[in-house]
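Participant: One structure is given below, represented as structure tokens, and several questions about it will come after.
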Amino acid sequence: MRARMRVGDFLVAYLQKIGVTHLFGIPGDLVINLFFKFGRPRGMRIVTLSHEPGVGFAADGYARATGRIGVVCVTYGAGGHNMVNPVAGSFSERVPILVVSGGPGEEERKLGQLIHHQAKEIDSQLRIYAELTCAARVLDDPRRAAADVDEVLRAIWREQRPGYLEIHRDMVERTIEVPESIREWDGVLEFARSDERKTAEAAHETALRFNASKRPAVIVGIETFRYKIQRDVVRLVEQMGAPCMTTVLGKGAFPMDHPQFMGVHIGPISPPPIRKRIDAADLVLNLGTLLTDMNLGSRPPQITRGRSIWAVGNRVNVSFHTYTDVGIRDFVRALGRERLRRHVEHVRYADNLRGAPRAHGRAITVAEMLRELNRFLAGKRGWAVIAESGDMLFAGLDVKVERGGGYLAQGYYASMGFGVPGALGSEIGSGQRPIVLCGDGAFQMTGPELAQAPRYGLRPIVILMNNGGWGIFRPIAEREDLLTIPNWPYAELARCWGGAGYTAETIAEFRDALADAERAPTFALIETRVGFHDLSPVSKKYIRASARKGRIRAVGA
């Protein structure tokens with residue numbers, strides 16, 4: 001990094017300085033020069049897919065799997081606007097993404113004419129991204145360009161949310177001054193600092209409350225994962241000895257094969273043992289748990305404030321006491337330094353897969369697919385599961401990934417189309433081979449990005465649950481014909497795209513296909529044909545609970 005650099009060269013050098021190695025994107029005329037700078041010799045590994053939403057979901061999956069910043073480069077207007085939905089999901093679920101967009105040049109803007117790809121006004125895209133990011137800048141002032149880049153990237157890391165940089169095409173080659181503070185900086189991004197006195201007091205009061213409790217429990221949320229303290233949380237939970245659960249969004253943030261892990265807490269539709277255990281708790285410690293309807297089972301928390309502690313959003317609520325300016329990282333570490341009385345309790349893992357398994361020759365159901373998948377994953381290393389939205393989001397809550405495996409899902413924003421491209425980005429970043437749980441409806445949105453897998457040496461296994469449409473809405477639909485979609489030849493398409501394709505209608509066929517897919521040298525797709533009205537166990541419970549609360553009306557209710 002030099003004292004004077006061209007804007008494009010400076011951006012590449014800055015991103016490399018903070019450890020960025022991959023860039024996801026699609027070239028376009030208003031960003032082409034910058035795009036080629038990213039891909040020059042000794043530059044970054046460029047990952048292009050077929051459509052901007054796929055690129056956005058892939059960068060999101062990469063960031064979730066690695067804990068690093070995912071970087072996307074797209075053109076102005078038609079490219080940037082296509083990225084809005086993936087970035088909205090990254091913002092709501094606190095995923096660090098940098099979106100770099102091109103734009104029209106200064107002379108074009110001075111003429112006041114409409115520029116191709118422009119929507120309403122030239123700065124409309126900037127205003128849109130200002131709503132979806134923690135920091136958004138247009139690099140139009142050479143005197144501030146370096147500082148603007150620095151401020152946006154630091155905000156992305158500090159808040160673990162997307163940021164936006166718009167670089168108009170005549171700025172790419174403009175020479176700027178690079179401040180010495182940036183040149184001499186070691187490239188280490190830091191999280192916001194907590195107030196040390198408040199942190200110590202919050203941790204001490206929490207320890208007193210915990211030591212006085214007889215039936216404590218811990219719920220781990222997504223902030224513990226975003227702020228890179230998984231190991232600290234495991235040590236703390238082991239120090240406490242209490243049973244531990246995760247939220248829907250936080251699934252995967254705590255090891256699923258840990259002896260203190262009880263399963264996923266979903267409010268009133270949790271598995272009965274989890275629901276009973278939380279109801280009996282005299283203290284519930286919530287670490288990084290976002291208060292969303294998905295995390296809480298579609299109703300406000302039933303845990304009374306007097307017997308709960310919430311550490312989330314840069315504050316800690318200990319019963320009726322609130323400590324502001326206390327981040328989850330510092331709080332967990334401070335609590336771990338307190339003297340904690342170790343609780344002793346035998347913990348049993350609980351899921352929703354009740355009942356005896358069916359005979360292998362019987363038609364497969366979603367529940368039986370989950371049983372078979374858990375059997376397949378038992379004891380295996382190096383696998384990740386990516387759950388698509390819709391019924392598969394709920395199905396994924398009953399998947400158990402062991403021995404350091406990964407798990408990703410858009411558990412709150414829940415945009416259909418995340419699964420396949422998110423898995424590609426995840427495998428590129430982590431190297432873990434992904435298994436994608438995907439419905440046929442979501443696959444028809446972004447599933448064809450699977451054809452890109454051979455280009456990058458990727459080997460995902462897609463378990464495509466084919467029930468002939470958007471099945472999760474059928475229990476509440478007055479007209480089911482509005483939920484049907486064309487029946488694609490999914491297994492044949494996989495073979496045409498250079499992968500392995502299988503069709504399974506029975507439990508035995510699914511088990512054999514999964515074993516063959518594991519051995520396949522390329523990606524694989526297993527079209528798993530289930531009943532028209534079959535759903536995962538959690539989906540059925542969620543729909544019934546929502547219908548009872550009057551949020552939706554179940555057909556026939």
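The values are calculated or read from the model by the stated rules, or taken from the named source; none is laboratory data. Quick caveat, the model's predicted, so the values are computed rather than measured. Ideal geometry is used to build each Cβ from the backbone, glycine not excepted, and the neighbour counts take in all protein chains shown.
Participant: Please state which of the following conditions residue 162 fails to meet, knowing it meets all the rest: (1) surrounded by fewer than 23 Cβ atoms within 10 Å (Cβ to Cβ); (2) at pLDDT 95 or above; (3) closer than 30 Å to residue 28 by Cα.
Facilitator: Residue 162 satisfies every listed condition except (1).
Participant: Then there is this: If residue 508 satisfies all but one of (1) over 14 Å from residue 465 (Cα atoms); (2) under 28 Å from the mean Cα position of the chain (by Cα), what's the number of the condition it fails?
Facilitator: (2)
So that you can scan it fast, the table gives a plain yes or no per residue for (1) within 24 Å of the chain's Cα centre (by Cα); (2) within 26 Å of residue 124 (Cα to Cα); (3) surrounded by fewer than 24 Cβ atoms within 10 Å (Cβ to Cβ):
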| site | (1), (2), (3) |
| --- | --- |
| 20 | yes, no, yes |
| 32 | no, yes, yes |
| 42 | no, no, yes |
| 45 | yes, no, yes |
| 50 | yes, yes, yes |
| 62 | yes, no, no |
| 70 | yes, yes, no |
| 74 | yes, yes, no |
| 77 | no, yes, yes |
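Participant: Next question, about the same structure. Kindly evaluate residue 44 against the criterion of being modelled with pLDDT of 95 or more and touching a Ser or Thr at 6+ places or on another chain (Cβ under 9 Å). Can you show your working first?
Facilitator: On the way: modelled with pLDDT of 95 or more: no; touching a Ser or Thr at 6+ places or on another chain (Cβ under 9 Å): yes.
Judged against the criteria, residue 44 is not a match.
Participant: Which pairs do you get when a residue that is in a helix (DSSP H, G or I), found in the stretch 121-142, comes within reach of a residue that is polar (S, T, N, Q), reach meaning Cβ atoms under 7 angstrom, with the pair 6+ apart or on two chains?
Facilitator: From residues that are in a helix (DSSP H, G or I), the pairs are 125/101.
Participant: A further question on this structure: Within the stretch 79-92, work out how many residues are buried (at least 24 other Cβ atoms within 10 Å of the Cβ) and closer than 17 Å to residue 413 by Cβ.
Facilitator: Count: 5.
Participant: Hey, another quick one. Considering the stretch 451-507 alone, what residues qualify as being surrounded by fewer than 18 Cβ atoms within 10 Å (Cβ to Cβ), part of a loop (DSSP other than H, G, I, E, B) and of a type in the set (Lys, Arg)?
Facilitator: 479
Participant: Residue 397 - would you say it is farther than 19 Å from residue 226 by Cα and either under 13 Å from the mean Cα position of the chain (by Cα) or surrounded by fewer than 24 Cβ atoms within 10 Å (Cβ to Cβ) (or both)?
Facilitator: Details: farther than 19 Å from residue 226 by Cα: yes; either under 13 Å from the mean Cα position of the chain (by Cα) or surrounded by fewer than 24 Cβ atoms within 10 Å (Cβ to Cβ) (or both): no.
No, not satisfied.
Participant: Suppose we filter 224, 199 for residues that are farther than 30 Å from residue 276 by Cα, among the hydroxyl-bearing types (Ser, Thr, Tyr), in a helix (DSSP H, G or I) and in contact (Cβ under 8 Å) with a residue 40 or more places away in the chain; which single one remains?
Facilitator: 199
Participant: Go over the candidates 328, 386 one by one and state the one that is in contact with a helix residue (DSSP H, G or I) (Cβ under 7 Å, 6 or more places away or on another chain) and assigned by TED's automatic domain parsing to the domain that holds residue 450. Before the answer, list the steps.
Facilitator: Numbers: 328 fails: assigned by TED's automatic domain parsing to the domain that holds residue 450.
After ruling out the rest, the residue left standing is 386.
Participant: Could you list, in sequence order, all residues of the stretch 369-390 that are buried (at least 24 other Cβ atoms within 10 Å of the Cβ) and free of Cβ contacts under 8 Å to residues at least 40 places away in the same chain?
Facilitator: none
Participant: Something else about it: Looking at residue 91, is it in a helix (DSSP H, G or I), under 22 Å from the mean Cα position of the chain (by Cα), modelled with pLDDT of 95 or more and not acidic (Asp, Glu)?
Facilitator: Judged against the criteria, residue 91 is a match.
Participant: Continuing with the same structure: If I go through the stretch 318-361 residue by residue, how many of them are surrounded by 17 or more Cβ atoms within 10 Å (Cβ to Cβ), in a loop (DSSP other than H, G, I, E, B) and β-branched (Val, Ile, Thr)?
Facilitator: The total comes to 2.
Participant: Of everything in the stretch 520-538, what is modelled with pLDDT under 95 and either crowded, with 23+ Cβ neighbours inside 10 Å or more than 27 Å from the chain's Cα centre (by Cα) (or both)? Give them in sequence order. Can you show your working first?
Facilitator: Restricting attention to the stretch 520-538, the residues satisfying the condition of being modelled with pLDDT under 95 are 531-538.
Within the stretch 520-538, 531, 532, 533, 535, 536, 538 meet the criteria.
Participant: Moving on. Take the residues in the stretch 165-196 that are of a type outside the set (D, E, K, R) and in a helix (DSSP H, G or I); name whichever of them is surrounded by the fewest Cβ atoms within 10 Å (Cβ to Cβ).
Facilitator: Initial filter on the stretch 165-196 (of a type outside the set (D, E, K, R)): 165, 167-168, 171-172, 175-176, 178-179, 181-182, 185, 187-189, 191-192, 194.
Retained after the next criterion (residues that are in a helix (DSSP H, G or I)): 181-182.
On the way: 181: 10, 182: 17.
The extreme case among them is 181.
Participant: Return only the number of the condition from (1) surrounded by fewer than 20 Cβ atoms within 10 Å (Cβ to Cβ); (2) at pLDDT 95 or above; (3) in the same structural domain as residue 103 (by TED's automatic domain parsing) that residue 200 does not satisfy.
Facilitator: (3)
Participant: Of everything in the stretch 409-449 that's of a type in the set (Phe, Trp, Tyr) and at pLDDT 95 or above, which residue is surrounded by the fewest Cβ atoms within 10 Å (Cβ to Cβ)?
Facilitator: Residues of the stretch 409-449 that are of a type in the set (Phe, Trp, Tyr), as a first pass: 412-413, 418, 443.
With the extra rule that they be at pLDDT 95 or above, the set shrinks to 418, 443.
Values: 418: 33, 443: 27.
Across the stretch 409-449, the extreme among qualifying residues is 443.
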